[in-house]
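Asks: Sharing a structure here in structure tokens format.
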Amino acid sequence: MHVYLEMRAGCQGKSGTLRGKYPLNLQLGGYSASVRINLRSGAGSVACDENREMLRGTVGMALGMYFTPSSFTPARYDDAIKRLEEAGAGSPPGRLYHVAMEADGLIQVFDVWESEASFQAFGKTLLPIMKDLGADPGQPQASPVHNMIKG
């Protein structure tokens, strides 16, 4: 199993996006999974004061969205990301985190959004792309975020 991760980070006037394919370590006894990535690159450290300030006050309003789209292969996911970037929506306003996980040859997505309004605005760009790719996003499982911890 692999996780496709995209995270925006910025500190001290620097910003960037981390993308890649990383192994996901599962522990059956503890029913847990974790991905640990060192973001100390040109993008700066996620744990810096600027990012803490950015997240302060958003947790009570943030929404976690979990999707299990049908027919959404890694190739279709990569194509969707390329099309979103071409449409100027690769890092949409209001999305705090985006994680794409591969299970049984299909991509599942977990996003954290500042608000339902920002998620809905992004959907106006995403849904036509998904339809064109022949992938049905289905209904997301949406839940209020209780807490977010970086690092």
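Values quoted throughout were computed directly from the atomic coordinates according to the rules given, and no laboratory measurement underlies them. Worth saying up front: this structure is predicted, and the values here are computed from it rather than measured. We place every Cβ from the backbone using ideal geometry, glycine too, and count neighbours over all the protein chains shown.
Asks: Binning every alpha carbon pair distance of the range 108-148 at 10 Å from zero, what are the percents per bin?
Replies: Taking every Cα pair in the range 108-148, the percentages come to 23, 55, 19, 3.
Asks: Quick one: net charge around Met61, please, counting Lys, Arg +1 and Asp, Glu -1 for every other residue with C-beta under 10 Å from its C-beta.
Replies: In short, -2.
Asks: Multiplying the sequence separation of Ser70 and Lys150 by 0.36 nm and subtracting their Cα-Cα distance, what value in nm do you get? It would help to have the intermediate numbers written out before the result.
Replies: Values: separation 80, 0.36 × 80 = 28.80 nm, distance 3.02 nm.
Contour length minus the Cα-Cα distance gives 25.8 nm.
Asks: Can you give the three extents of the C-alpha atoms in the range 60-108 along their principal axes, from longest to shortest, in whole Å?
Replies: Here the Cα extents, ordered largest to smallest, are 33, 27, 13 Å.
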